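Here the structure is laid out as structure tokens; the discussion comes afterwards.
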Amino acid sequence: MAFTSMQEQLFYSILLPIVLVLLAVPLHFIVKNNKNKNPYIPTEWPLVGMLPGMIANRHNFHDFAAAMLVAAGHNFEVRGPPASSMRFFTTSDPENVRHIFTTNFDNYPKGEDFADVFGVLAGTIFAADAEAWRRQRARIHHVLTRPELVSSMERSCHDKVATRLGAVACTRGEHRHGVRHGGLVGCLLSPDMLPMLLAGALDTLMEVALYRHSMPAFCWKLMKRLNVGGERKYAEAEALLRMFVGERIAGRIAGDDSLVTTVDILSYYIDDPEFRDDAGEPTDFFIRTIVNFMVALRDPMSSALPWLVYNLATHRHAMSAIRDELAPIAARKSAGAGRDMIIFEPEDTKHLAYHKAALFESLRLYPIGPIERKEAAADDVLPSGHTVRAGDTMLVSVYGMGRLVDVWGDDCRDYRPERWLTFKNGDGNYKVRHVPSYKFMSFNTGPRSCLGKKVAVATITPVVATLLWNFDVEVMAGHVVEPKLSVVMQMKNGFLVKVKKRHEIPTI
Ligand code: HEM
């Protein structure tokens, strides 16, 4: 079709300039951004900001964030669509971390957006700030330091190891264990084995939280309103957990003792009027507090152990060092006993430096919480010189911090427990080197650091000792182990292992 001269005039005088201007804007940004461009630095596009780069790298979020921060010199501002309030100051710089988490702690609460992201956990210690957090921390500290609770956790681990591994030890040959929500390895540490459905619901909370972290809030809130995609799964998971916890509490209030679990957190709350309404019913906060305990007790323990076993199984020198450290204790324990298996207790392993180093090294590379989030309450200047504005979201890549060449050396990507060892007073015994927690963030740092670190070390080390002394553990051929897309460092494809009783265990 030929243009009439009138149409031609219109095209050249009005439409063409408009089209050229519209094309020029993105072209200008493409050319500007691609000059000296590092592939790990996301491009900032008109209208959508850096969102496309973030979405494109979502499948590999933790490695991408770590690489982005190295490329940017450890600090980088991620900006979303200009019309949204999405602006994240991301960092893996230990001095900035110390400032945010300790020196200027009061200026960096978790914030309301954090509580929104974690939905059902809002208001609990994990998401609370200021006085509400302080009160809960004091109370939980009191609960977690009760000797009867610590010993019930230790006993629960011992019993599980004895029954589950004992059953494997009594049979001959090789066993294959598929692990999805913790399985053989993970469940050895979970205080009480959760039904698969509930474990899956807890996983969903953490997976959706990561996705919410990396989206402008209006996007996921719209999806939540429409009840679609991950948000629908989240709503179902939350409903299931609330129903489970609600029924347990109601049962306990009605005096049903069959619901008392090995590690009985409920008993510390059940009679407290603060957690019951006027009609004596459990408050919503009570339910959320118990869901929070389910997360706090299951996730770290059932994630830490599979990663530790994976690292030891794939690094034979470390596995041998673990067994060398156990040999004298095993010799003592086996004398006079007549069992298929030697079971190590917290008392046996608490002084074993290599065991602790192996755990810390595993948590360095695979921190249970790979990102930490805070919000700036007021304008501030970070030690790196960057300016922070009130309301900015601060994201710390704990995963990236465990891979900093400046802190851990050129071999920072290797699993090498030896990096943690140092000689004690020249007496020939190893001790574990102290690394300040603002550099080794796996148990968090500052006033909000983990309240369960001691219990965690005391329960994980005897379990791993018992497993590896009695069995050879091999990762199943062809099985790919990689992190899941979640705020908790879990294994994406589960953990498939071959477990075989060791023949060379000293017999009695
Ligand atoms: C290897 C095991 C564990 C690791 C790596 C770990 C790590 C962490 C981390 C990173 C945080 C900070 C979470 C955040 O605020 O974003 C935390 C907080 C916490 N952890 Fe652990 N944890 C472990 C085991 C435990 C255990 C066994 C308990 C309880 C017995 C526990 C109790 C807590 C509590 C109560 C907090 C909240 C502290 C606060 O906000 O003031 N943790 N833990």
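Data overview
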quantity: Protection proxy ranking, peptides 301-311, 89-99, average beta carbon neighbours within 10 Å, highest first; calculated: 301-311, 89-99
quantity: Cβ charges +1 (Lys, Arg) and -1 (Asp, Glu), total dipole of the range 48-501, debye; calculated: 1040
quantity: Prolate/oblate/rounded label for the range 48-501 (Cα gyration tensor, a/c 1.5); calculated: oblate
quantity: ³J(HN,Hα) computed for each position of the range 249-257 - Karplus, 6.51 cos²θ - 1.76 cosθ + 1.60, integer Hz, glycine/proline x; calculated: 5, 4, x, 5, 4, 6, x, 7, 6
quantity: Vicinal HN-Hα couplings computed from phi for the range 199-215 (Karplus, 6.51 cos²θ - 1.76 cosθ + 1.60; Hz; Gly/Pro x); calculated: 4, x, 5, 5, 4, 4, 4, 6, 5, 5, 4, 5, 5, 5, 4, 9, 10
quantity: Distant-in-sequence amide H partners of Thr90 (H built 1.01 Å from N, under 5 Å); calculated: Phe76, Glu77, Val78, Leu395
quantity: Protection-proxy order for peptides 483-496, 446-459, 132-145, each taking the mean of Cβ atoms within 10 Å per residue, highest first; calculated: 483-496, 446-459, 132-145
quantity: Note, ³J(HN,Hα) from phi for the range 480-494, Karplus 6.51, -1.76, 1.60, rounded to Hz, x at Gly and Pro; calculated: 8, 9, 8, x, 7, 7, 7, 7, 10, 6, 10, 8, 4, 9, x
quantity: Amide H contacts under 5 Å for Ala128, placed H, 5+ residues apart; calculated: Gly123
quantity: Interchain or long-range residues, amide H under 5 Å from Ile371's placed H; calculated: Val398
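Each reported figure results from applying straightforward, stated rules to the coordinates on display, with no laboratory input. Nothing here was measured: the structure is a model prediction, and the numbers come from that model. FYI the Cβ positions are ideal-geometry reconstructions off the backbone, even for glycines, and counts take in every protein chain you see.
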